[in-house]
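Just so it is clear, none of the values below were taken in a lab; they were calculated from the coordinates. Predicted, not measured: the structure shown is a model, and the values here were computed from it. Ideal geometry is used to build each Cβ from the backbone, glycine not excepted, and the neighbour counts take in all protein chains shown.
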Amino acid sequence: MNWRRGLALLVASTLLTVAAVEAQTTGSEQYYLDEKIDEPSYRYALGLGFGLVDLGDDLVVGNQLINDDDIEQYYSVGLRIGFGERRSTRGARVRGYRGYFEPEVAYWENDIQTDMLVGVNILGATPVGGVEFFAGGGIGWHFLDTTIDLPTIQIDESEGALGVNAQFGVDVSISESASLFGMGRFDLVDGDRGDDLQTKAYVGLRFRFGDGD
């Protein structure tokens, strides 16, 4: 396996292992159906992420290598809107599930290209103690700008491309209204030059707010 394409899996696996240990040590008595939990429930969560994106294949125009397989910095902002939280009859939060609808904006750039993504995701999550495991997918529009200025090749173009993604990760609470998160993600983008696979791994902070009751 290409080590760069395995970066997302490595980071996510490490985070999942740490999260599992944290969940195991959390007192399970907080999640009994017959016990009331005095814990705030938030409907919204603003996430700020930073990480890496592997752009996959080399860019070749004609017989000339324009940009080799590289890894670039990746930035993301997403607003989660929670729905469908499972609760006991006495209002205590239990081991179960919840869902999120998440509009997002993300961005990366290299020497010849920029990509701004505007999209939406649907995620399912399972809370266990102070840890929440999640997975899902989404769809978005990529605003791609390409500029190549070489003696033999000049390209200056903009295009829009449809993309889909699959993602998974974990949130670890650090306070009542904040958490650290880590995730792996795969985006397939249908550009003019063919389908491109972008492999992403990133971490960040999530801030929860809004009454979820």
- Task: Quickly work out the D156-to-D111 label distance, labels modelled 7 Å from Cα along the C-beta direction, and quote it in nm with one decimal.
- Result: 2.0
- What is the magnitude of the charge dipole of region 101-155 about its Cα centre, with +1 placed on the Cβ of each Lys and Arg, -1 on the Cβ of each Asp and Glu, and no other charges, expressed in debye to the nearest 20? 200
- Query: Whose amide H sits under 5 Å from the amide H of D70, counting only residues 5 or more places off or on another chain, with H placed in the peptide plane?
  - Reply: L55, G56
- Message: Using each residue's phi in region 152-166, evaluate 6.51 cos²θ - 1.76 cosθ + 1.60 at θ = phi - 60° and report the 3J(HN,Hα) Karplus result to the nearest Hz, with x for Gly and Pro.
- Response: 9, 9, 10, 9, 9, 9, 10, 8, x, 9, 7, x, 10, 9, 10
- Sort E102, E109 so the one with the fewest other Cβ atoms within 10 Å of its own Cβ comes first. E109, E102
- For region 125-132, take each phi angle, set θ = phi - 60°, evaluate the Karplus expression 6.51 cos²θ - 1.76 cosθ + 1.60, and give the result in whole Hz per residue in order, putting x for glycine and proline. 9, 10, x, 9, x, x, 10, 10
- Task: Mind giving me the nanometre distance, one decimal, between the label points for I81 and F143, set 7 Å out from Cα along Cα→Cβ?
- Result: 2.2
- Can you put D54, D149, D196 in order, fewest other beta carbons within 10 Å first? D149, D196, D54
